[in-house]
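Report on one structure; see the data block that follows.
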Amino acid sequence: MGIWACLGVISPFPYYYFLWNNPQSWVDLCGRGRDPCRVMALVSHFLKLVQFIALFSVSTLSWPPPLYFWPLFLFGQFLNFRVYQLLGESGTYYGVRFGKNIPWVTEFPFGVISDPQYVGSIMSLLACLHWVPLLYIIFWVLGYVFMMKVESKEDPSTRAKPLS
């Protein structure tokens, strides 16, 4: 199960990398009348399910969780929900790359925490260290760190042109 779990844990990252670097291809593939952000969100939710199943397959669950679980998990999820609340689906799922006009956000956690959604996700993963072997957490975290690096460099000239 180990290799399949590792592949499941890293499964979304090639997809995100492709979309970040080839936004016009994705917009074209989605076609007219389909929101590329919405389609990305649906595919991303499926890949997130694959990740969770992979992680669950190698987990050893027990109760109660260690004390560090609650602050890490709750604050991590707070960051994720706050980012989604501020950016919405289009801002969260590469709307800028797909040619949408997404307003710049400076409210907390933006301007205070760099890459708050990734930081929140990493905190939530670290909260699960008691149940999940370290290797799988490391692979998942490395995927997030890789995407943080990829997304830190954006060439506006490579943004997609929306289909009219």
Residue hits (region 150-164; surrounded by 10 or more Cβ atoms within 10 Å (Cβ to Cβ) and either within 14 Å of residue 122 (Cβ to Cβ) or of a type outside the set (Ser, Thr, Tyr) (or both)) are 150, 151, 154, 159, 160, 161, 162, 163
Given region 1-92, what helices (runs of 4 or more DSSP H) lie entirely inside it while holding 1 or more residues that are under 16 Å from the mean Cα position of the chain (by Cα) and among the hydroxyl-bearing types (Ser, Thr, Tyr)? 12-21, 36-57, 69-92
Just checking, which of 62, 25 is polar (S, T, N, Q) and touching a residue at least 60 places away in the same chain (Cβ under 8 Å)? 62
Find all pairs meeting these conditions: Cβ atoms under 8 angstrom apart; at least six residues apart or on different chains; first residue within region 45-57 and free of Cβ contacts under 8 Å to residues at least 60 places away in the same chain; second residue among the small types (Gly, Ala, Ser). 47/11; 50/8; 50/11; 53/8; 57/5; 57/8
Selection count, region 136-164, where residues are in a helix (DSSP H, G or I) and either under 17 Å from the mean Cα position of the chain (by Cα) or polar (S, T, N, Q) (or both): 18
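Coordinate-derived values only; no laboratory data. Values in this document were obtained by computation on a predicted structure and should not be read as measured data. Glycine also receives a Cβ, built like all others from the backbone with ideal geometry; neighbour counts cover every protein chain displayed.
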